[in-house]
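Here the structure comes first, spelled out in structure tokens, and everything after it is commentary.
The values are calculated or read from the model by the stated rules, or taken from the named source; none is laboratory data. Remember, predicted model here, so these are calculated numbers, not experimental data. No Cβ is skipped: glycine too gets one built from the backbone with ideal geometry, and neighbour counts run over all protein chains shown.
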Amino acid sequence: MYQIFKKELNSFLNSLIGYIVIGVFLTATGLFTWFFKDNILDFGYADMTMFFQIAPYLFLFLIPAITMRAFAEEVKSGTIELLFTKPLSKWQIVLGKYLASCFLILLSLLPTLLFYYSVYQLGNPQGNIDSAAVFSSYLGLFFLGCVFAAIGVMMSSFTDNQVTAFVLSFIICLILYYGISQLAQLPFMGDFGYFFNQLGLDYQYNALSKGLIDSRNIIYFISVIFLTLWGTKMKITSLR
């Protein structure tokens, strides 16, 4: 598995895609957090609400761009057959590719800790920021990114076209993050809408943003990731 992980990570870092994704994410979040409307400086409160509001929507575009080539390129070029000849289980292949995407997500989040440090220093008095809420929000954002990555890897295994994989990943992630909560608000949903809303990724993400890490939210994210990766494993098994 480590060999697959290393190969995928090197392919990200030896090409422009990894740096473009990290650069776009940091630039966009920085602009929205510090310069655009309702930024920290204008709002006058020592919190990172704007960052955690905009980051998931950036992930909706950027993570499918990371994962779209995971299996699609292997299938199109025919190297998937060579991959199957290596002494690796299907789970090792899937996890190697998936964990490389997750590591790139982590690399994109680490520099944003400078935002937290800056807000901490600018607080009046210094340190006047809800650190527990910030770090639980970071945890939720990382898990959300990992779910998007799992969906992207699965969609990449279903097609040999990277653009198709990107579009499918984006649509499914958008439905799970934004669509479910919108459907839950429709009048015909009635009381069932409240329970249906809890199936959405945004509900689980926002729950973690309150500063209290609930095991139910963590279990939800891990369950979605496992089921999605299991589907990926089943799909690549059928390719042999």
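Results, tabulated for the structure shown:
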item	result
Odd one out for residue 149, checked against (1) assigned to a loop (DSSP other than H, G, I, E, B); (2) touching a Cys at 6+ places or on another chain (Cβ under 7 Å)	(1)
Residue satisfying all of: in segment 93-119; within 18 Å of residue 60 (Cβ to Cβ) and β-branched (Val, Ile, Thr); surrounded by the most Cβ atoms within 10 Å (Cβ to Cβ) among these	105
Residues satisfying the stated conditions in segment 83-104, i.e. within 19 Å of residue 9 (Cβ to Cβ), assigned to a helix (DSSP H, G or I) and not small (Gly, Ala, Ser)	83, 91, 92, 93, 94, 95, 97, 98, 99, 102, 103, 104
Of all residues in segment 197-240 being under 20 Å from residue 142 (Cβ atoms) and among the aromatic types (Phe, Trp, Tyr), the one that is modelled with the lowest pLDDT	203
Helices (runs of 4 or more DSSP H) wholly inside segment 158-211 containing at least 3 residues that are hydrophobic (A, V, I, L, M, F, W, C) and surrounded by 14 or more Cβ atoms within 10 Å (Cβ to Cβ)	162-174, 180-184, 201-208
Top-ranked residue of segment 144-166 - restricted to ones that are within 23 Å of residue 223 (Cα to Cα) and polar (S, T, N, Q), ranked as modelled with the lowest pLDDT	157
Those residues of segment 12-33 which are in contact (Cβ under 8 Å) with a residue 60 or more places away in the chain and over 13 Å from residue 105 (Cα atoms), in sequence order	29, 30, 33
Enumeration of residues in segment 62-82 that are closer than 17 Å to residue 1 by Cα, surrounded by 19 or more Cβ atoms within 10 Å (Cβ to Cβ) and either touching a strand residue (DSSP E or B) at 6+ places or on another chain (Cβ under 6 Å) or of a type in the set (A, V, I, L, M, F, W, C) (or both)	70, 71, 80
Within segment 20-34, considering residues that are over 20 Å from residue 65 (Cα atoms) and either surrounded by 17 or more Cβ atoms within 10 Å (Cβ to Cβ) or not hydrophobic (A, V, I, L, M, F, W, C) (or both), the one modelled with the highest pLDDT	30
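Yes/no per residue for (1) modelled with pLDDT under 90; (2) closer than 27 Å to residue 167 by Cα; (3) of a type in the set (D, E, K, R); (4) in contact with a Ser or Thr (Cβ under 6 Å, 6 or more places away or on another chain):
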site	(1), (2), (3), (4)
69	yes, yes, yes, no
75	yes, yes, no, no
87	yes, no, no, no
90	yes, yes, yes, yes
95	no, yes, no, no
107	no, yes, no, no
126	yes, no, no, no
132	yes, no, no, no
